[in-house]
Every structure is written in C-alpha cells, then in structure tokens.
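**Student:** The structure under discussion is supplied below as structure tokens; questions concerning it will follow.
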Amino acid sequence: MASSWSGLSFVFAKESYPTLITVLAVTVLWTLWSVSGYFRHRNRLPLPPGRSGLPFIGQTVEYLVAMSTADGIRQWVQKQVDKHGPIFRFRFIGYQVVILDQPEGNKFIFQNEGTSNHIFWPSPIFNLIGSHAVPVQTGERHKLIRRYLIKYFDHNAMSRYIRGVNRNAKRHFTNHWQGKEQLVGLNMTNLYTFSTICDLAMSLEEGPLMDKILEDFHAWAKGLFCLPINLPGFQYYKALKARRVILEVVGGLLEQRRKEIAEDRVSEASQTDILNSLLTVPDGEGNLFSDPFIKENLLVLLITGFDTSGGTLAMTLYFIAKNPHVYEEILKEQKSILERKRESGTDENDLTMEDISAMKYTWNVIQETIRLHPVLLGTYRKTVTDLEYKGYYIPKGWLLSWSNQHSHYNPEYFKDPLKFDPSRWETRPAPFTYLPFGGGPHTCLGNEFGKMSMLVYIHHLVQNYSWSLVDPNYDGPFIRDPLARTPDRVSINVKQVVAS
C-alpha cells in the first residue's frame, strides 16, 4: 500500500511538472517585468495612480460588471476618482488604460490626436468592427474616407433625407402604435431607428430580412463589452457569429445591387442611398471601394444609426413620462411649429430642416437625456510616444481614454447633476464637458442625422399619443449592453389623442 501510494505520488508530481513550470515561468516573467518597470521609470515622473492587478485581467471583470447598468460606470469612475484622484489608471483586457481629468484631459486627447496619440480599439472590439471600418482608420486614410462620407451627413444631406424620415415615422406610428394600449418603449424606438437607417443605407424596408438583421445586431452589439471568450455559449462567440451572418446578408444585398446597376434597373429611391454611392462613386483618389470595406462600414453605420438613437429615444420617453410638464412643453412647441406652417401656407405634413431648428426645447430634452445616460461613455487612444501630463509619466503604448462620466455629473459644470432638467440647456456648457458624440477627428459622423430622426419621431409622437409608465414608481436600474437603454420591463400605457 505504501509502495502504491509512493508510486502514485511520483506519477502525480511528474504529471504536474508542465503546470508548475508554467506557473514559475509566468511568475518570473511578471517579476522581471515589474522590476524592469521600476528601473525604467525611477528617474522619471511617477506613473498615474491606480492598480494593475493580475496580468492581463487587471480590473476587467469589475469594469465589465459596472458596464452592465447605465449608472454603473459613473459610480465606478467616481470610486476611482475618490481613491486616486481625477487622473488614474487601470488594466483592461491586458491594456494599461489611463483616464485623464475632465474636461482638460479630454481636450488634451482630442487636440493631440494624430500626433502623440491615435485611435485604438482593443483587439476583441477591433475584431467585431473590422479592419476596413471608418472608426478604426488613422492618419491620411481616415481623412480620405471621412471626406468622402461627410457629404452624406452634412446639413444639405439632412435636407434631402428629412422627407423620407418623416414618411417612415408616420408609417411607423400607423403600423406599430395605432390601436395599441401597451407597448415596450425600447422595442418601438429601436424598430423605428433601425428601419430609418436601413432605408437610408440600403433602401431596405421592414420585413423578414430586416427583422433577421435586427436580431443579429442585438447579439453583435452585446459582444462589444464582454469577456472576450470565443467559445460556444459565451456572448463574445455569439457576437462574432452574428457579425458573420450580418456581413453575409449585406454581401447578398451588395451583389443584388451590383447586378441591378449593371442592368440599369436601380430604382429611383435606391439611386440615392449610401450603398449605391459606395458601389459607383470613387473615393478622392479615383478608386472604388472594396467589398469588405463596403460591408464593414455599412455594418458600423447600421449599428450607430439605430442602437444609439433607439436607446436614447426610449430613455427620453421614460423621462417625459416621469415629468408630465415636459410633455406639455414639447407639445406646445410642436403645435406652434404646425401653426406657423399653416399661417405661411406650407404643407404641415412636410417637415423641413427649418422646422427641426425650431424644436429647441424638444432638443434640450433629448440633450438632457443624453447627459444623464450618454450613448457612448468614451473610446481609446494609443500613445505613440512617451507623454508627460500634469506631473505624471505615461509610457508609449499605453491607452488614453476620454470619458464623459465625470464631467457630465460634475456640479461645477451641471448644477444638481442627477436631476433631469432640460432648462439647463438654455445656456451652452463649458467646452469639453459635454461629450455625447466623442470629439476630435473621430467625432461621430452621424450625430446630425440622429438628432434629426429623433426630433421627427417626437414631433409625430406627442401630437398623436400620450403615454405613462405601467410602473410609475420605476426608477432604475437602466441597462447598458453596451449602450444605455431602458429594460424590456419598462412598458408604457398608450393613449391616442385627438389632434386639435
């Protein structure tokens, strides 16, 4: 028996050698890296305060947990600020990330993009977006593509799009609100914004194909901020699978359109959509875009066009329901716009960008919603040289993260910051304190389109419906997966109103 036990121990120990060697190797390498870091930096300024934590993992788990609720990241950032100060660092999926003070740090990042830092996406997110997409491009390539695409999102473009957006909004309320007594606000707003962006991008109308893409987009979006485990059953695996399906569907639409172009039978509506332009109009260097470029940029356009605006609209409906006086003020403003159109003899059903500009209070309500629950919390820039910032040393290769989670809730810039108060937007906030759409060269291209489409939606909504929360006492939590939105259980009671 003793002999058998001795032999078993020997076998066990022998089989454990690879594991022990691996553990020892990692420990030695980690120690050497830490010691070398000390000698590298001992004659320099101190590193920003914070914790590195375990190799690779760092604070990834706690950060992702905080990301699961709309208010979680604000609380997490505040906790770090209370502990380390307004400039701090943490480790996220293997990367050293520094969040700078706000608003000075945000200004520093944006004004130095392209010199001391450039846009960067951690590899799990990069793999979901794709190497050809505009958000990941840098330098001259990014400038070339942005110059090409900007014409689809400037004021002149909005003047062309608004008639179709207006038509889509009226159809949406007829098909999905009329006769209903109770709805899930998020489902309705996402359906509207997705059908609107699908029409603009690819002339794709509501139907089984659009429903399928929408389902896959939900899975894809949830993979942007989750543990990057590419194994069956995990969210990241589902997201990569959804991405492949979406690109296959978009690829099919691309081939169908290319055939229609060759046979000169593209419909009048499709001739002005973005897909048609990408297939027929060369870039600034005279080259047509590749299929991977077109598919990946349509993917990004669709996600930014629907989930950002859809989630914001759902949150706006919630805040309006919680503040009945806000509904009355919006309704008053929208009715005054119609009255002016009647007095001038213009068609009250045909909205213009002049009407959009007159929706000042309505836009203030949306801006206040975005301040409290911004769609985008921040993105990353990678340092391309060693930096010194406010007494701290930031090594080359570290990530800088601009953020709005401290400034949006800072009473120095927004009095009583947790209060929903649209009147605060009667004056402009200080520069770099309100950053719902990013900043610098990578400012969101579609923010004006999002603004216009959301205002058109509310214009028709308040004139035809009033609504209240099924649970009037609901006060959170709200969800972020990864974009802020109301949970599915936040339903609304709907009442159709008679137009006066």
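**Student:** Can you tell me which residues in the stretch 424-450 are surrounded by 17 or more Cβ atoms within 10 Å (Cβ to Cβ), touching a residue at least 40 places away in the same chain (Cβ under 8 Å) and part of a loop (DSSP other than H, G, I, E, B)?
**Tutor:** Residues satisfying the conditions are Phe432, Thr433, Tyr434, Leu435, Pro436, Phe437, Gly438, Gly439, Cys444, Leu445, Gly446.
**Student:** Could I ask something else about it? Just need a number here: residues in the stretch 132-189 that are small (Gly, Ala, Ser) and exposed (fewer than 15 other Cβ atoms within 10 Å of the Cβ).
**Tutor:** 3
**Student:** Provide a single number: the residues in the stretch 153-178 that are outside any helix (DSSP H, G or I) and either modelled with pLDDT of 95 or more or of a type in the set (Phe, Trp, Tyr) (or both).
**Tutor:** Number of matching residues: 2.
**Student:** Condition first: of a type in the set (Ser, Thr, Tyr) and more than 20 Å from His176 (Cβ to Cβ). Can you find one or more residues in the stretch 449-471 that meet it?
**Tutor:** no
**Student:** Could you tell me which of the residues Phe90, Phe110 is in contact (Cβ under 8 Å) with a residue 40 or more places away in the chain, of a type in the set (A, V, I, L, M, F, W, C), under 17 Å from His406 (Cβ atoms) and assigned to a strand (DSSP E or B)?
**Tutor:** Phe90
**Student:** Report, ordered by the first and then the second residue, all pairs with beta carbons closer than 6 Å, sequence separation of six or more or different chains, a first member in the stretch 239-264 that is in contact (Cβ under 8 Å) with a residue 24 or more places away in the chain, and a second member that is part of a helix (DSSP H, G or I) and among the aromatic types (Phe, Trp, Tyr).
**Tutor:** Ala239/Trp220; Ala242/Trp220; Arg243/Trp220
**Student:** On to the next question. Among the residues of the stretch 351-410, what is the count of those that are in a helix (DSSP H, G or I) and within 20 Å of Tyr327 (Cβ to Cβ)?
**Tutor:** 15
**Student:** Examine the stretch 199-222 for a residue that is crowded, with 16+ Cβ neighbours inside 10 Å, in contact with a Lys or Arg (Cβ under 7 Å, 6 or more places away or on another chain), within 27 Å of Pro124 (Cβ to Cβ) and not aromatic (Phe, Trp, Tyr), and state whether such a residue exists.
**Tutor:** The answer is yes, given that some residue of the stretch 199-222 is crowded, with 16+ Cβ neighbours inside 10 Å, in contact with a Lys or Arg (Cβ under 7 Å, 6 or more places away or on another chain), within 27 Å of Pro124 (Cβ to Cβ) and not aromatic (Phe, Trp, Tyr).
**Student:** How many residues does the stretch 231-251 hold that are out of contact with any helix residue (DSSP H, G or I) (no Cβ under 8 Å at 6 or more places or on another chain) and either of a type in the set (A, V, I, L, M, F, W, C) or in a loop (DSSP other than H, G, I, E, B) (or both)?
**Tutor:** Within the stretch 231-251, residues that are out of contact with any helix residue (DSSP H, G or I) (no Cβ under 8 Å at 6 or more places or on another chain) and either of a type in the set (A, V, I, L, M, F, W, C) or in a loop (DSSP other than H, G, I, E, B) (or both) number 3.
**Student:** Let me ask something additional. Of the conditions (1) touching a residue at least 60 places away in the same chain (Cβ under 8 Å); (2) in contact with a helix residue (DSSP H, G or I) (Cβ under 8 Å, 6 or more places away or on another chain), Asp421 clears all except one; give me its number.
**Tutor:** (1)
**Student:** Could you check the stretch 192-212 and list, in sequence order, the residues that are closer than 12 Å to Phe306 by Cα and in contact (Cβ under 8 Å) with a residue 60 or more places away in the chain?
**Tutor:** Correct list: Tyr192, Thr193, Phe194, Thr196, Ile197, Cys198, Asp199, Leu200, Ala201.
**Student:** Taking the stated definitions as given, is Gln102 surrounded by fewer than 18 Cβ atoms within 10 Å (Cβ to Cβ) and not small (Gly, Ala, Ser)?
**Tutor:** No; evaluated as a whole, the condition is false for this residue.
**Student:** What's the total number of residues in the stretch 307-351 that are touching a Lys or Arg at 6+ places or on another chain (Cβ under 9 Å) and of a type in the set (Ser, Thr, Tyr)?
**Tutor:** Final tally of qualifying residues: 3.
The values are calculated or read from the model by the stated rules, or taken from the named source; none is laboratory data. What you see is a predicted model; the values in this text were computed from it and never measured. In this analysis, Cβ positions are derived from the backbone assuming ideal geometry, glycine residues included, and neighbour counts consider all displayed protein chains.
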